[in-house]
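One structure is given here, and the rest of the page talks about it.
The values are calculated or read from the model by the stated rules, or taken from the named source; none is laboratory data. If you're wondering where the values come from, they're calculated on a predicted model, not measured in any experiment. Note that we place each Cβ from the backbone using ideal geometry, even for glycine, and neighbour counts take in every protein chain shown. Ligands, DNA and RNA are stripped out before the accessible areas are found, and what is left, the full protein with its side chains, is counted by its heavy atoms. Shrake-Rupley method; radii C 1.70, N 1.55, O 1.52, S 1.80 Å.
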Amino acid sequence: MSGVWLQLPLDKKALQDIKIGEWVNLTGSLYTARDEALKRIHALVTEGKQPPIDLKEQLIYFVGPTPPAPGEPVGSAGPTTSRRMEPFLPAILDAGVVAVMGKGPLSKTTVADFQRRGVIYLSAAGGAGAFYGAKVHGAAVVAYEELGPEAIYSLKVENFPAVVAIDLKGGNLFEQGPQAYRKE
Amino acid sequence: MRKIHVREIQTAIVNAIKNIHYHIRPDLKAALQQAGETEASPLGRQAIKLLLENAKMAAAGVHPLCQDTGMTILFVEMGQEVNVIGGDLEAALQAGVRQATEEGRLRHSISVHPFKRVNTGDNTPAVVHYQIVPGKGCKIYVMAKGGGSENASVSAMLLPSAGDTGVQDFVVNAVRENGAASCPPLILGIGVGGSFDTAPWLAKKALLRPIGQASSDVETAELEKIILEKINTLGVGPQGWGGSTTALSVAIETAPCHIVSMPVAVNFECHSHRLAEVKL
């Protein structure tokens, strides 16, 4: 996909000009986390403790990959539903996360919180697990190994495409996108 | 009596499960290709192109189509003149799921208990629906059902006076509310009638129909068409990014029901529709 090239970890300045509906191509390292891992981080941050990894300036990808084929870092690795993570988002944003990536819309409250904090939301294409799995060139568990596919991994990605769904200019693709095509 | 050994059933299940996670169904591929041409939004067309590219890559056998390899749902239609030999049928089916999960490198996505979120570690148990049918055949539908779309599914007890427009509104509202989060373009199975428990079962059964195949009942087929058209005016579009293709197909199954009831259920299925029909 042609689009804006973004190096990970993200430089906040690079996020200023990207707009909803635009493709970005991610290259570098990101962290994965989903339901159970986020619940644990939420509990730690709420108690005033440090998360197991430094989340400053990081992008969190909501994913639980399938087991890798021999010689591969991961199997299929597409996004999971983001709104399930909403109860835990304030905690990871407090810990310094600047962007999250998953699939599907987020609530109005979350959208407002992201815009207040200057956090962007990237929507990867749900159900494209094989496509995304092949964009991952390295994977290492960095926390909560016992959670299996729900553990926190550091993933090395290359030219990993996603669409900007919440930008820093007040845009929300999941609202404005459908509005443009509604014919009810 | 025709004899079928459980080993034969297990092998067939293993092969079907491994296959559906790496190879897109031809009817689904055709529906996506068509949507790729008719979709109004450029971003929507790009999303569909990416999904077709995804299917091409999965076929190499390294990465499954989707990382949510789902809960396995089996619909067993067993002829009453069949004698299953060599062991326990249910155990053979579950063993097949376990073996396919290992050999197909599928994700472990099943919790032992809804409150204690401990993983079973092998994707069992599959949900199995049995039907005894006339004859000597044995047909098993094998479906891998993703959790995201399953979460969007809903059922309700409507009043009979709501009629078919009540069903239309119920389904369209459900898609308006939850469509974007369940990996559109969607495939929708709708069940109407029976008792409280029948409607969701019918809704899932409706998903077994090939994509785009209309109901054999003329009035039901007309209702399927109307609902599909209405859903595609919502603007949700592929991935929820906006567009004219929110659903690829709508299939409705009905059953007789009580004079005071109209149970209705809609089972959401994502575009990653992994389904096979095994005949023994």
Discussion item. I need the full set of residues from the range A:11-54 which are within 28 Å of B:Q239 (Cα to Cα), more than 14 Å from chain B (Cβ to nearest Cβ), aliphatic (A, V, I, L, M) and open to solvent by less than 40 Å² (accessible area, probe 1.4 Å), in order please.
Written reply: A:L15, A:I18, A:L26, A:L30, A:A33
Discussion item. Let me confirm something: among A:E146, A:E158, A:E184, which residue is within 12 Å of another protein chain (Cβ to nearest Cβ) and either open to solvent by less than 10 Å² (accessible area, probe 1.4 Å) or not in a loop (DSSP other than H, G, I, E, B) (or both)?
Written reply: A:E146
Worksheet item: If you scan the range A:161-174, which residues turn out to be of a type outside the set (V, I, T) and part of a strand (DSSP E or B)?
Response: A:P161, A:A162, A:A165, A:N172
Worksheet item: In the range B:121-130, which residues are touching a helix residue (DSSP H, G or I) at 6+ places or on another chain (Cβ under 8 Å) and either more than 14 Å from chain A (Cβ to nearest Cβ) or open to solvent by 100 Å² or more (accessible area, probe 1.4 Å) (or both)?
Response: B:T124, B:P125, B:A126, B:V128, B:H129
Worksheet item: Of the conditions (1) surrounded by 13 or more Cβ atoms within 10 Å (Cβ to Cβ); (2) away from every other protein chain (no Cβ under 14 Å), B:S149 fails just one. Which one is it?
Response: (2)
Worksheet item: For B:R45, all conditions in the list (1) crowded, with 21+ Cβ neighbours inside 10 Å; (2) part of a helix (DSSP H, G or I) hold save one; what is the number of the exception?
Response: (1)
Worksheet item: What number of residues in the range A:111-143 are in a helix (DSSP H, G or I), touching a residue at least 40 places away in the same chain (Cβ under 8 Å) and within 19 Å of A:G177 (Cα to Cα)?
Response: 3
Worksheet item: Which is over 17 Å from A:Y121 (Cα atoms), acidic (D, E) and touching a residue at least 24 places away in the same chain (Cβ under 8 Å), of A:E36, A:E22?
Response: A:E36
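Run down B:E150, B:E224 and say which single residue is modelled with pLDDT of 95 or more and over 28 Å from B:Y22 (Cβ atoms).
Going through B:E150, B:E224 in turn, just one is modelled with pLDDT of 95 or more and over 28 Å from B:Y22 (Cβ atoms): B:E224.
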Discussion item. Just to verify a result, which residue in the range B:78-98, among those that are surrounded by fewer than 17 Cβ atoms within 10 Å (Cβ to Cβ) and not hydrophobic (A, V, I, L, M, F, W, C), is nearest to B:D122 (Cα to Cα)?
Written reply: B:E90
Practice prompt. Pairs only if they're at least six apart or on different chains, beta carbon under 8 angstrom, first in the range B:61-88 and more than 14 Å from chain A (Cβ to nearest Cβ) and more than 19 Å from B:L207 (Cα to Cα), second open to solvent by 10 Å² or more (accessible area, probe 1.4 Å) and of a type in the set (S, T, Y); list them, first residue then second.
Written response: B:M78/B:Y130
Practice prompt. Output the residues belonging to the range B:265-280 that are part of a strand (DSSP E or B), buried (at least 24 other Cβ atoms within 10 Å of the Cβ) and of a type outside the set (G, A, S).
Written response: B:V266, B:N267, B:F268, B:E269, B:R274
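Could you pull out the residue among B:V133, B:V118 that is within 14 Å of chain A (Cβ to nearest Cβ) and surrounded by fewer than 21 Cβ atoms within 10 Å (Cβ to Cβ)?
Only one candidate passes the filter, namely B:V118.
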Discussion item. Checking the structure you have, find out if any residue of the range B:75-93 is within 17 Å of A:G129 (Cα to Cα) and in contact with an Asp or Glu (Cβ under 9 Å, 6 or more places away or on another chain).
Written reply: no
Item to complete: Could you please let me know if B:E53 is of a type in the set (D, E, K, R), on the phi < 0 side of the Ramachandran plot and away from chain A (no Cβ under 14 Å)?
Response: no
Item to complete: Hey, could you check the range B:208-248 for residues that are within 14 Å of chain A (Cβ to nearest Cβ) and β-branched (V, I, T) and say which is surrounded by the most Cβ atoms within 10 Å (Cβ to Cβ)?
Response: B:V236
Worksheet item: Which one of these does B:G36 not meet: (1) assigned by TED's automatic domain parsing to the domain that holds B:I140; (2) open to solvent by 10 Å² or more (accessible area, probe 1.4 Å); (3) not aliphatic (A, V, I, L, M)?
Response: (1)
